[in-house]
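Shown next, in structure tokens, is the structure this report addresses.
We did not get these values from a lab; they are worked out from the coordinates using the rules stated. These figures come from a predicted structure and were not determined experimentally. All Cβ positions, even for glycine, are placed from backbone atoms using ideal geometry, and neighbour counts span all protein chains on display.
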Amino acid sequence: LGSVSMARTDYVTANVTFGATGTASTMVMSGSNVTITLGTVSNGALVTTAAGKAAMAWTPSATVLDLAGNACTITVTNETGTDIDF
């Protein structure tokens, strides 16, 4: 579905995956809001609490198609405001 830049590097202490096993990650659109819920983390011991605020940026994948078969635009969507995300 694309990638999300968290604009910080202190959410984890090493690479982890979410949703590969156990509970899957999900993405739901309601109106113009997109909610992403991360699934089961591959190694919870590597997850930390961010030390400050940042604004996320989502870059959609060009390989995603709509119901009519049209490719998704890859326009980056930036989070409005800054907050501690996790």
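Miscellaneous remarks
- The chain - percent relative contact order, Cα under 8 Å, separation 6 or more: 32
- Protection proxy ranking of 39-47, 24-32 - average other beta-carbon atoms within 10 Å, highest first: 39-47, 24-32
- Computing FRET efficiency as 1/(1 + (r/R0)^6) for V64 and T13, where r is the C-beta to C-beta distance and R0 is 25 Å, gives about 0.20.
- Pairwise label distance in nanometres, M6 with N78, each label 7 Å out on the Cα-Cβ vector: 2.1
- Placing a label point 7 Å from the Cα of M29 along the Cα-to-Cβ line, the residues of segment 46-86 whose backbone N sits under 19 Å from it are 57-80.
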